[in-house]
Each structure stands twice: as C-alpha cells, then as structure tokens.
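> Supplied in structure tokens, the structure appears directly below.
The values are calculated or read from the model by the stated rules, or taken from the named source; none is laboratory data. Since we're looking at a predicted model, the values are computed, not measured. So basically every Cβ, Gly included, is an ideal-geometry build from the backbone, and we count neighbours across all protein chains shown. Each accessible area value is taken on the protein alone, full model and side chains, heavy atoms only, with ligands, DNA and RNA left out. Shrake-Rupley method; radii C 1.70, N 1.55, O 1.52, S 1.80 Å.
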Amino acid sequence: MTTLRFAVDNLSCAGCAGRAERALSAAPGVSEASVNIANRMAQVTGDASPETLRTALKAAGYPAREATHRLSIDGMTCASCTGRVERALSEVPGVLSASVNLATQTASIRVLEGSVMPETLAGIVTETGYPAKPVDNETPTDHNSEIEPLRRNTLIAGALTLPVFLTEMGGHLYPPLHHAIMGSIGMQTFWVLQFLLITLVLVWPGRRFFRIGLPLLAKGSPDMNSLVALGTLAAWTYSTIATFAPALLPDGTRAVYFEAAGVIVTLILAGRWMEARAKGRTGAAIRHLIGLRPDTVLLSRDGDFVEVPLAEVAVGDVIMVRPGGRIAVDGVVTEGTSYVDESMITGEPVPVAKATDDAVTGGTINGRKPLTYRATAVGSNTVLARIIDMVQTAQGAKLPIQALADKVVRIFVPVVLGIAALTVLTWLIIGPQPALGHALVAGVAVLIIACPCAMGLATPTSIMVGTGRAAELGVLFRKGDALQRLDDAKVVAFDKTGTLTEGRPSLVDQFTAPGTDASEMLRLTAAVEQGSDHPVARAILSAAPGDLPKVTDSETVPGYGLTATLDGQTLLVGSEDHLIRNGVDTAPLQDAIARFADKGHSLVCLARDGQAFAVFAIADQIKPSAKPAIDALHAAGLKVAMVSGDNPAAANAIARQLGIDHVTAGVRPDGKVDAIRALRDRFGTVAFVGDGINDAPALAEADIGLAIGTGTDVAIEAADIVLSSGRVSGVVNAVDVSKHTMRNIRQNLFWAFAYNTALIPVAAGVLYPAFGILLSPMLGAGAMALSSVFVLTNALRLRSIAPVQADAPSPSYKEAPA
C-alpha cells in the first residue's frame with residue numbers, strides 16, 4: 001500500500017473535485033482517495049498503478065498532470081545495465097514510464113506531476129549501483145569527462161601488461177627467449193613477477209570491473225562488468241594457486257594465465273576508451289545547438305546598451321546585436337536592416353533579409369549591419385529551446401525494432417553465466433588432459449567474449465546520430481518512433497495550399513489582344529482593382545508596373561467584378577460572365593480563357609469601351625522545390641498523393657504539373673481524415689505533409705505527420721516531424737534520414753546478434769574436436785571490445801548523410817504570345 005500525491009487539471013469548483021474524487025475511488029486497487037480544490041492535488045492510498053489512476057481521471061474529464069524528469073547516469077556499460085535501471089525506475093510509485101539510453105547515459109522518466117521528485121529518482125538509481133543526478137533538458141551529456149580517466153587507465157594497464165605479454169607469449173613464439181628467462185631468473189621468480197604486475201592491473205586500472213560487477217553479482221543481477229570480473233578473477237585465481245600453492249592442483253595442470261587477465265582488462269579498457277570518444281561525437285548535434293546561444297547580450301537600459309548575462313533577458317527587453325553577432329533570443333526587429341544567416345535553424349544556406357517588424361530567431365547569426373530587436377520569447381519558450389527539446393526527446397526514444405534486443409538482453413548475462421558454467425563442467429568431464437586448464441580457458445573465453453554492449457548500443461547510437469544529423473538538415477523528429485514509421489511509409493500525401501504551393505495567389509500568365517500594350521493593359525486592370533482587398537486583386541496589384549492612375553465611378557458587382565471610368569473610358573474588370581453581361585464579345589479571348597481554365601487558374605478579364613482586350617491568369621504558385629522533391633520521392637519508390645480543399649480543377653492542374661499519382665480535392669478538414677484512411681486502405685502506411693490549422697486532423701490521423709515549419713502551431717503540435725526549413729525538399733531529407741538510420745540500425749543489430757551467436761560457441765570450444773582450435777580469452781577480449789567500437793563507428797557514418805538536392809530555380813513569368 002502506497003500513498004501518492006499528484007496534480008490534477010480542469011478543476012474549477014468543488015463539484016469538479018468531487019467528481020474527480022469519485023472517479024479515483026472507483027478505480028481498481030484504490031482504498032482511499034481525496035481531491036483538494038485549493039491546491040488542485042489528489043491524494044490516493046492503495047496499490048493501484050499510476051497508469052490506472054491516470055486512465056480513471058482522463059475518463060472523468062479531469063486529467064492528471066504529467067511531468068518528465070531527466071537524469072544523467074554514470075557507470076552503465078551494457079544493455080543489461082540500462083534494463084536494470086529501467087526496471088528500478090518503473091517500480092517507483094508515481095512513475096508512468098522510464099526510458100534509459102545507453103548512448104547518452106541518460107534516463108527520461110514520465111511521472112504524475114508532484115508524485116516524485118527528480119532527486120528521489122536519482123537516489124534510487126544510485127542505490128541500484130549507477131551514480132545519477134538530475135539534469136535539465138538544456139544540459140548536454142558530457143562524454144568527454146570519462147574519456148581522460150579511461151585513456152589514463154588504458155595506458156597504465158597496457159604498460160603493466162606489456163612486459164608480461166611479451167615475455168610469456170614471446171617465449172612460445174621464440175623458444176630461445178623462454179630458455180633465457182628460465183636460465184636467468186627461473187620459472188618461479190618469473191611467475192611471481194607476473195603475479196605482481198597483473199595484480200596491480202586488476203586492483204588499479206581494472207578495479208572498476210570489480211567495484212561495479214561483484215556487488216551486482218552478489219545481488220543476483222549481474223551485468224557486463226560482472227562477466228569481466230568473473231573471467232579475469234578466475235584466470236588470476238587459478239594462476240595464483242599455480243604459483244604459490246601448486247599442490248592444490250591435479251598433476252599436469254600447473255600453468256599460469258596472468259597474461260590473459262592483464263590483456264583482457266587492457267583491451268576492454270581500450271574498447272571503452274574508443275567507445276567514449278565515439279559517444280562524444282554522437283552527441284555533437286545537441287552540443288552544437290546548445291552552443292548557438294551567446295553567453296551575454298547588449299541590453300537597453302536607461303538609453304544605453306549594457307552587457308548582461310543571457311539569463312537576465314526578459315520578454316519585452318530591447319537588445320542590440322552587433323554585425324556578425326549571434327541573436328540571443330526570439331524577437332521582432334525594432335530598428336535597422338540586415339541579412340541574417342538562419343542555416344543553423346532551417347538548414348537553408350541563403351541569408352534572409354530583416355527589417356523593422358520582421359521576426360528573428362535566437363541562435364541565428366546577424367550579417368554586416370547592427371540590428372535592434374525586442375525579445376518576444378526567452379528561455380525554454382524560444383524556437384531554439386524547443387528544437388533542442390525535440391531532438392533530445394527523439395534521441396531518447398525507443399523504437400519498436402529494439403524490442404527484441406531488449407528481451408534478449410534481459411536474460412543475456414544470466415544465460416552467459418550458465419553457458420560458461422556448462423562449458424567448464426563439460427570440459428572437466430569429457431575434455432582431454434589437462435582438462436582443468438582447458439576448462440578454465442574455455443570458461444573465461446565465454447565470459448569475456450559475450451557482448452551485450454553491442455546489442456545495447458545498436459539502436460540508441462544510430463538514433464542519436466541520425467536525429468542529430470536530421471536537425472542539421474532542418475528536419476526535427478518530435479517523436480523518436482516516427483523515424484521507424486517513416487521508413488515503412490508507402491505513400492506520401494501532401495496538402496496543396498501552403499505546402500506544395502506558396503499559399504498566396506500571383507499572376508502566372510496573361511493574354512492581350514493583338515496590337516495592344518501588355519503592360520498598359522495590366523496597369524489599367526490594377527487601377528480598377530485598387531480598392532479591392534480580394535486575394536486575386538492583390539495578385540494583380542503586386543504585378544502591376546509603376547504608379548497607377550486614379551479611376552472614378554468605381555462600382556463592385558458582387559460575384560462578377562468591377563466597373564469604373566478612366567479618362568472617359570468605361571473599364572470592366574472581372575469574370576468572363578461580367579463582360580458578357582455587359583454586352584462585350586469575348587471571342588478574341590476564348591482560346592486563352594480555355595487554356596488558362598484547363599490549368600485551373602482563376603481568370604480576370606479586361607474590357608475597355610465594350611471591347612475585350614486582355615485576360616489574366618491568377619494561381620497559387622507552385623513552390624520551386626515541389627517538383628524535384630516529388631520526383632525524388634518517386635525515385636525512392638513512394639507513391640505521392642494530394643489532399644486539398646481546393647476545387648478539383650485547380651487541384652488536378654497542380655497534380656498534372658507535379659506528376660502526383662492520386663488526387664482528392666474539394667474536401668473539408670474532416671474529409672481529409674477520410675482521405676487519409678482511404679489512402680491507407682489502398683496503399684498502406686501513410687505520411688501526410690501539411691501546414692495549416694485545417695491540416696491538424698489529417699496530421700494526427702496519418703501514420704506519420706510532417707508539418708511545414710512555417711505553418712501554424714496547431715499543425716506543428718499535431719505532427720510527428722517538423723520541417724523547419726519550410727521547403728518541400730525537407731520531406732525528401734526526412735525520408736532519406738529515416739531510411740539511412742533504419743538501415744544502419746538493422747546492420748548494427750545483425751552484427752550484435754551474429755557476433756554473439758557465432759563466437760560464444762567458438763569460445764566454449766565447439767571447434768576443438770574437429771580442428772583442435774580453442775579460442776584464447778585474450779582474443780575474446782579483443783573481439784568483444786571491437787564489437788562495440790564497430791557498432792559506434794557504423795552509427796557515426798550517419799553524420800555524413802548529404803542533404804537531398806531537391807530544389808530548382810523559381811519559374812520566371814513569361815507573357816503568352818499575342
């Protein structure tokens with residue numbers, strides 16, 4: 001029976017508290033429950049799980065508030081360690097879920113808010129055998145702190161082991177060396193010197209294996225350190241007995257294996273040293289993002305700009321950034337003009353022009369002129385802070401593909417201990433003489449060669465490097481499992497407006513009657529449209545050259561167009577029907593009207609004094625990167641669909657230009673959800689790309705939702721992946737990163753499983769009857785160390801993923817021939 005206190009949402013009166021209390025009391029396993037409206041806290045006594053309480057409150061409409069704590073953990077060396085820490089955290093009252101990442105040496109724990117403090121969780125992990133401390137989301141994991149101690153210990157172990165290894169193994173390879181040693185100092189003195197040197201190795205640089213591994217073994221929860229400690233201790237103990245008490249051993253079995261114990265410790269330390277260096281590189285993306293913020297800023301105080309720490313900046317403060325300086329927080333320009341390099345946030349290399357009232361983002365670099373801006377978001381509310389949080393959340397995620405490895409790792413070390421014991425027993429019963437020596441060699445080799453490290457690192461290291469590289473390319477995975485789901489996608493569906501197109505109408509084509517000046521016709525049309533705020537009118541006005549003349553007697557005819565007078569001439573601007581209703585013959589424009597209408601363009605016609613002179617085609621321009629991106633998706637073997645609320649003619653016209661396979665047009669937001677379901681039924685796993693509030697239901701319904709970063713917050717919150725660059729090519733980069741990362745994970749898992757499956761039997765001596773081969777524990781230690789390094793090195797290859805060049809120059813506007 002435990003008592004939990006946690007925060008509850010949506011409580012506005014005593015009646016709410018009563019209903020929440022009754023919902024908790026009715027939950028299975030609850031013996032007593034109370035809800036306090038004053039502090040909005042619930043107190044529950046019983047043995048109900050936190051998930052049960054959460055579900056009961058959610059069903060009642062008063063959800064329990066949740067919080068996520070993050071811990072930095074030392075001493076985890078293999079997947080068995082992470083599994084043990086996860087189980088310890090999951091058993092804490094109030095914990096909803098716990099995820100431990102071996103690559104980052106961190107734990108992310110989701111709890112009922114107020115039920116357990118991060119310091120308590122850190123204490124529990126420390127008691128489990130792995131020192132832990134709470135950290136915030138902006139603290140990068142520092143693997144560099146463990147590199148120097150590991151380097152030092154490796155060099156010390158190597159220096160102490162090398163004389164033993166060279167003399168012992170050299171004597172086997174070059175008999176005169178052995179005879180020289182025996183003739184000068186004798187075998188007993190030689191073994192005593194080996195004993196002294198290797199004992200130093202075990203109690204000095206190698207003590208970490210015994211300090212961590214033996215207590216865990218005593219608790220019945222052995223890990224990788226336990227295997228190394230047992231193996232080296234067995235070799236050292238046998239050798240020590242052979243040196244000082246040989247009478248305890250059967251005849252013919254006196255031999256020493258000090259060099260094996262020393263080389264095992266040295267090689268495994270060397271492996272962990274290389275592993276730590278590689279881990280440091282895997283977290284480079286997060287450290288780079290955190291390093292984008294300056295330590296100090298120039299803040300406006302009493303008319304002057306003074307240098308203050310970044311932490312002192314508040315919303316509303318006015319800040320100046322010098323040429324070439326970093327913009328500290330999100331804000332709006334109040335003075336100055338400059339170009340800002342936003343590549344570190346969006347992945348786009350071209351600097352963006354900034355002037356008064358333009359938004360700037362913290363972490364970006366100012367150009368050659370000073371800018372003054374007002375802070376609109378600071379601390380954890382900035383775009384950069386949210387990006388860091390997204391990347392860290394994705395990096396700490398566990399993918400479905402990891403489930404099998406986790407199940408194997410849970411029983412791996414105990415199984416290896418069992419195999420080692422069985423190996424020793426088998427050799428003692430049926431092995432050739434000296435059976436005890438063979439049994440020791442085989443048993444130690446099994447303990448040393450087994451490597452749960454590779455299985456534990458296979459997935460998280462690839463996720464870390466892959467999501468970090470994705471962030472550099474302007475692709476932010478908000479949910480880690482989206483990395484795997486995107487790899488499974490069979491069709492990518494796009495919203496049209498604002499996603500494939502610019503989201504604002506513009507003049508794309510025009511036709512003018514023979515003998516007329518095209519620029520003058522456009523100027524007259526814009527003059528009539530001056531008073532209108534219709535998007536089509538704005539498109540005409542933005543394309544018109546020079547100053548516009550003033551018209552008189554302007555009149556709007558709803559649903560048709562406008563009528564106005566200019567210098568005594570009557571001008572009609574609007575639809576074809578508008579001209580026909582006023583008795584104008586549109587025959588001269590018919591070919592152009594039919595051609596433009598077939599492309600789904602909106603049409604604006606011009607007549608002067610009863611004669612048709614011009615027709616203008618208005619359309620939402622296709623983004624320059626859309627066609628190359630869709631071609632790249634096709635090349636990757638994906639189907640491409642478009643789901644749009646626009647009219648079918650316009651949607652189909654866009655689809656034809658882009659080569660889209662399937663079009664659903666004229667649908668409302670709830671209709672987009674049905675369209676996603678239909679695509680799933682027809683093609684399989686669906687990825688949907690959108691940017692607006694109306695896309696949020698479809699983004700949530702799709703198997704993978706990708707939000708254009710320039711879109712609304714509602715769309716971004718509903719998405720699994722955010723494309724911060726705002727370009728369609730970001731979709732291709734997301735797919736490319738997903739496919740590369742998942743392929744990398746499969747390679748790592750295959751290596752980890754194949755390595756252990758193949759080499760553990762070899763270490764046990766399965767090849768001895770047929771080939772006389774018995775694997776040396778020293779070779780086993782080298783193989784084990786290299787297996788982890790292989791996994792990490794393979795994951796680091798993801799840092800070289802190149803951005804997909806799915807861009808094209810903006811199409812230039814050309815007038816249609818007269």
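> How long, wide and thick is the chain, going by the Cα atoms along their three principal axes, in whole angstroms, largest first?
Result, largest extent first: 126, 70, 63 Å.
> Here is a follow-up. Could you pull out the pairs from K496/K550; K133/K479; K623/K739; K550/K627 whose alpha carbons sit more than 30 Å apart here?
Violating the 30 Å limit, Cα to Cα: K496/K550; K550/K627.
> Let me ask you something else. Thinking of the range 487-631 as a set of Cα atoms, what percent of all their pairs are more than 28 Å apart? If you can, show how the numbers build up before the last one.
Working: 2473 of 10440 pairs.
For the range 487-631, the fraction of Cα-Cα distances above 28 Å is 24 percent.
> Taking the Cα atoms only, what angle lies between the long axis of helix 207-218 and the longest principal axis of the chain, rounded to 10 degrees?
90
> What's the magnitude of the charge dipole for the chain around its Cα centre, counting Lys and Arg as +1 and Asp and Glu as -1 at the beta-carbon? Answer in Debye, nearest 20.
Numbers: 66 positive and 75 negative charges, 630 e Å.
Dipole size: approximately 3020 debye.
> Using R₀ = 41 Å, calculate the FRET efficiency as 1/(1 + (r/R₀)^6) where r is the Cβ-Cβ separation of A26 and E119; round to 0.05.
Once the sixth-power term is evaluated, E becomes 0.80.
> Now, a different point. Using only C-alpha positions, report the orientation-averaged shadow area of the convex hull of the range 120-249, nm², one decimal. Can you show the working numbers first?
Values: hull surface 44.1 nm².
The Cα convex hull of the range 120-249, projected and averaged over all directions, gives 11.0 nm².
> Can you give the FRET efficiency for A311 and S12, using 1/(1 + (r/R0)^6), R0 = 45 Å, r = Cβ-Cβ distance, to the nearest 0.05?
The formula returns an efficiency of 0.80 here.
> For the chain, find the longest principal axis of its Cα atoms and tell me its angle to the long axis of helix 777-796, 0 to 90°, nearest 10.
It works out to around 10 degrees.
> Oh, and also: Give me the mean projected area, in nm² to one decimal, of the convex hull enclosing the Cα positions of the range 499-573.
So the mean shadow area of the Cα hull is 6.0 nm².
> Still on this model: Please give the Cα centre distance for the range 173-219 versus the range 523-574, rounded to the nearest Å.
Value for the Cα centre distance between the two parts: 96 Å.
> What translational diffusion coefficient, in µm²/s and rounded to a whole number, does the Stokes-Einstein relation yield for the range 40-104 at 4 °C and a viscosity of 1.567 mPa s, taking the hydrodynamic radius as the Kirkwood radius over Cα pairs?
Values: Rh = 13.8 Å.
The calculation lands on 94 µm²/s.
> Let me understand the range 616-751 better: what is its radius of gyration from the alpha carbons, and its Dmax, in angstrom?
Considering the range 616-751 through its Cα atoms, Rg and Dmax are 15.4, 63 Å.
> Continuing with the same structure: Taking R0 as 22 Å, what's the FRET efficiency between A758 and I411 from their Cβ-Cβ distance, rounded to 0.05?
0.70
> Please give the helix 452-472 orientation as an angle from the longest Cα principal axis of the chain, in degrees from 0 to 90, rounded to the nearest 10.
On a 0 to 90 degree scale, this one is about 20.
> Can I ask one more? Among DSSP bridges having both ends in the range 575-690, what percentage is antiparallel? Round to the nearest 5.
Of all bridge pairs located within the range 575-690, approximately 65 percent are antiparallel.
> Hey, for a label at N582 modelled as a point 7 Å past Cα toward Cβ, could you say which residues of the range 512-553 have their backbone N under 17 Å away?
Residues passing the 17 Å test: 513, 521-532, 537, 549-553.
> Looking at the P(r) of the range 617-675, how many percent of alpha-carbon pairs lie beyond 15 Å?
Roughly 52 percent, rounded to a whole number.
> When the helix-only estimate is applied to the chain (DSSP H runs of n ≥ 4, each -39,500 (n - 2.57), divided by the residue count), what is the mean residue ellipticity at 222 nm, nearest 500 deg cm²/dmol?
Numbers: 29 runs with 400 residues, N = 818.
Helices in the chain give a 222 nm mean residue ellipticity of -15500 deg cm²/dmol.
> Ranked by accessible surface with a 1.4 Å probe, highest first, in what order do L57, L200, L417 come?
Largest accessible area first, the residues go L200, L417, L57.
> Multiplying the sequence separation of H534 and I241 by 0.36 nm and subtracting their Cα-Cα distance, what value in nm do you get? Kindly include the intermediate steps, with their values, before the conclusion.
On the way: separation 293, 0.36 × 293 = 105.48 nm, distance 9.53 nm.
Taking 0.36 nm per residue and subtracting the Cα distance, the gain is 96.0 nm.
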